[in-house]
Amino acid sequence: MKTLAVDKLPGVGPAMKERLQALGVTSMEHLQARSKDSLQQEFGQKKGEMLFNSTRGLDSQPLRLVQPRKSVGTQISWGVRYETDEQMKAFLSDMAAEVSKRMQAANVKGENISLRIKRHASGNVESEKMLNPGQVEIMSKSRKIAWPTDCPEALSREVVELYQSMHIPSREVRGAGIAVDHLVDNATQNSKGVTLTDMWAKKQSPQQKPQQSQAPQSSPLQQSPLPPALRPSPAQQSPVQSLPLQQSPLPQAPPPQLPVPQQEPLAKQTKQAAHKTATRAKGTSKKGSHKKAAGSKKRKSTSPEPAQKKQRQLTMDSFAMTKKS
C-alpha cells in the first residue's frame, strides 16, 4: 500500500492531488509520514481525519450492500414513428403508466419528473436499418411536481404538458424517455415532515378538543360564611337562600331602536284640519265675489248713463223737427 499513488484513495480528486503534490506528498508512504494535526490544519477537520485514517486502512463509514435508488424511469428509442399529436400523447401516457407501476413496485414516490425526446436531426437522411432512430438531437425538460406522487394520471398529465412546451412535431420524434427523481419512501415522511396519509386523515377528521368536566363552583355565600354571631337562625333562613345559585345568562345588548316620529295630539290635529277647510272655503268665496264684481263692472261700462240718454233723445227730436220743416 505504501507504493500506491495518493489519487487511488477514495475522495482524492485532481484538485486535492495538486495540493498534496505541492506539499511533497505523491505516494501513500509520504502521506503516512504526516501527522493527523498537520493534515487537519491543511485540509480541515473532517478531510484531514479521512486522509489520516485511509492511509492506515481505517474507515468508520457504514457498509451499504444496496445503494438507494435515485430515480425510476423508462426509455424507448426504437420503432418510434407517429403522424399525429394524439398518437404521440397516447404513447407518452402509456410510458407514464409503466413508470407508475415501477414506482409502486419499489414503494416510492417522486417529486420531480423529466422528459427526454430524441428528435430527427434536420438535413440527415433516415437510417438504413429498419425503424432505427439514426442521427438524432436530444432535447430534455423537467419540472417540479406539486407533491410526491406515483399516480399514473398525474404523471401522464405532467409529461404531456412538457412535450407540448417543447413544440416538436410528432413526425420528427425518434425516441422518448421519462424519469422521476427526488424519490420519497412511502414508509417515511416527506420533505415537509408530514406524510400524505396523515395530511389526508387530518383534513377528513379534524382534531376535536376533549371536553373537560368542570367542577361545580360554590357560591360566594358558601365560600365566605358569616361570623357565628351574625348568622341567622334556621327558622329565619328563607328557602330561597338554601337553593343553589344558578348562573345567569350573559347580558345581551338590546337591539337598536329606530327613532319614532312623535304624533301631535288628536285635538290639535282636528283643529288644524278645520282651519284648513275654512281657509279653502274663504278662498273660494273670495274668488266668486271677485268674478261678480268684474261682471258688474263690465255691465256698467256697456250700459249708457241717464244723462247721456237724455241728451241723445233731445238731439234726435231736434233733428226730426228740422226735417219736417
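The values are calculated or read from the model by the stated rules, or taken from the named source; none is laboratory data. What you are looking at is a predicted structure, and each value in this text was computed from that prediction instead of being measured. Counting neighbours? That spans all protein chains shown, and the Cβs are built from the backbone with ideal geometry, glycine included. Quick note on the areas: whole protein, heavy atoms, side chains included, nothing else; ligands and nucleic acids left out. Shrake-Rupley method; radii C 1.70, N 1.55, O 1.52, S 1.80 Å.
Highest average first, the peptides 129-138, 311-320 ordered by how many other beta carbon atoms sit within 10 Å of their residues are 129-138, 311-320.
Of the cross-linked pairs K89/K109; K17/K46; K89/K118; K17/K47; K70/K118, which ones have a Cα-Cα span greater than 21 Å in the structure shown? Mind dumping the intermediate values first?
Values: K89/K109 23 Å; K17/K46 17 Å; K89/K118 15 Å; K17/K47 13 Å; K70/K118 23 Å.
Distance filter (> 21 Å) returns K89/K109; K70/K118.
Evaluate the Debye formula for the range 1-72 with equal point scatterers sitting on the alpha carbons, no solvent, and hand back log10 of I(q)/I(0) at q = 0.20, 0.27 Å⁻¹, in q order, two decimals. Evaluating at q = 0.20, 0.27 Å⁻¹ gives log10 I(q)/I(0) of -0.82, -1.34.
Of the accessible area of the range 106-167, with the probe set at 1.4 angstrom, what percent is carbon plus sulfur?
Exposed carbon and sulfur together represent 51 percent of the surface.
Its Kirkwood hydrodynamic radius, worked out from the mean inverse distance over all distinct Cα pairs, puts the range 76-120 at 12.3 Å. Sorted on the mean count of surrounding Cβ atoms within 10 Å across their residues, most packed first, peptides 30-41, 8-19 read 30-41, 8-19. Remark: the range 3-15, residue by residue, has Karplus-estimated 3J(HN,Hα) of 8, 6, 6, 5, 6, 7, 6, x, x, 9, x, x, 5 Hz, where x stands for each Gly or Pro and the curve is 6.51 cos²θ - 1.76 cosθ + 1.60 at θ = phi - 60°.
Amide H contacts of N112: I145, D181, each under 5 Å away and 5 or more positions distant or on a separate chain (H built 1.01 Å from N in the peptide plane; Pro and chain starts excluded). Equivalent-ellipsoid semi-axes for the range 16-161 (Cα gyration tensor, √(5λ), whole Å, largest first): 49, 23, 14.
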